[in-house]
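Let me begin by presenting the structure, written as structure tokens, before commenting on it.
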Amino acid sequence: MRSNLKIGLWIVLGVAGITAILLAVLFHAWRPKFATIQGAIIRSDQDTRKQLPLANVLVIATRGRTEASARSDASGYFKITFPDAIWPEQTVDMHFQRDGYQSLDLHLRMIFRSTVRRLVIAAMEPIPEKVTGDSAIRPIVVSNIRIRYTINTEQEDNIGSVAKVFQAVNMGNVPCGRRGPCSPDGHWKAAVGSITLDAGTENSYRDVRVTCIAGPCPFTRIDSSGFVHGGRIIAASALNWSDTTTFLLEAEVFRASIDSNVRESYPVIYGRLLNFNLPASEEGASIEADVNGEPMIFPLGPEPYLSWATCAARATEETAKATLYRCELKPGYQF
């Protein structure tokens, strides 16, 4: 009888010990992974090409009495880290706030391990412009827009420029299931968008720039191997493991001939948004445009200012530290 009791006691102690070890391992595994939430904030629009990344958005995450906050960067990316673990079945309330946009509230319920890996995409609605008694006044038209800048070159002519848009169409938060392409960490289904351009005989592309201009840009990766050295034929591709993203390719077209230092390019316009980028070696950049039929020049300084648009500029690391410019028309103006 005593022998049976001893055996039973040892079995109970063994099971309790194994259970304690498993709980400790599970706690250690859950804790770092459920303490962080990351995502991207974009402008809400049915046209995916107009889903502008939103910077400086205040993000507040609340779980019970614990609160953590962060602000989105120039690409719309944010990352919030809680001081302690978030366990399954707990809910995290997220609040997004930015001037000019309606506040947004999301509620995340932690259910499975995949929940923490979910990329949170917050689409914020812009606040409509107020209609006043002056709404009958005709808007000021901005047209014939060109980007003008200078680059020191030797024995080459810049005979033009090219600006093309391509997309990587995808649906976010779909597990990859080992069927490529996948996200770099192997968790999410990804899609590849690409574009190929031929400059023509005796021509070549130079200063090729590819940047993400719309959609959840933090969850993309641009492949520059097909255009980093320029040439007659260039190819650009981008991997996207979240919702659909839009990319802008711009390049200068050269022909071996006489030196030419002054260059012009044309922005890509969607609705009331204007996008273009400039190579790192540019000097004296300016925007030339006709405002109500009158030709005007607007120099672009470190902090671009236009009387007819609100602009923001940020350096990009994807393509030789080019500078991406985004401008949105002010009330009372139209393209």
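Bear in mind that the values in this text are calculations on the coordinates, not laboratory data. Predicted model only: the values in this text are computed from it and were never measured. All Cβ positions, glycine included, derive from the backbone under ideal geometry; neighbour counts span all protein chains shown.
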Low-density loop positions, trypsin sites (Lys or Arg not before Pro), segment 162-205 - DSSP coil, at most 11 other Cβ in 10 Å = ARG178, ARG179
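If R₀ is 41 angstrom, what is the calculated FRET efficiency for the pair ASP185 and ILE127, using the beta carbon separation as r and rounding to 0.05?
Numbers: r = 36 Å, r/R0 = 0.89.
It comes to 0.65.
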Of the listed peptides 293-304, 323-334, 51-62, what is their order by residue-averaged count of other C-beta atoms within 10 Å, with the highest listed first?
-> 51-62, 323-334, 293-304
For GLU202 and THR310, compute 0.36 nm times the residue count separating them, minus their Cα-Cα distance, and round to one decimal in nm.
-> 34.9 nm
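Across segment 140-334, how large is the tail of the calculated P(r) beyond 22 Å, expressed as a percent of all Cα pairs? Each step should come with its number before you reach the end.
Details: 9790 of 18915 pairs.
Result: 52 percent of Cα pairs exceed 22 Å.
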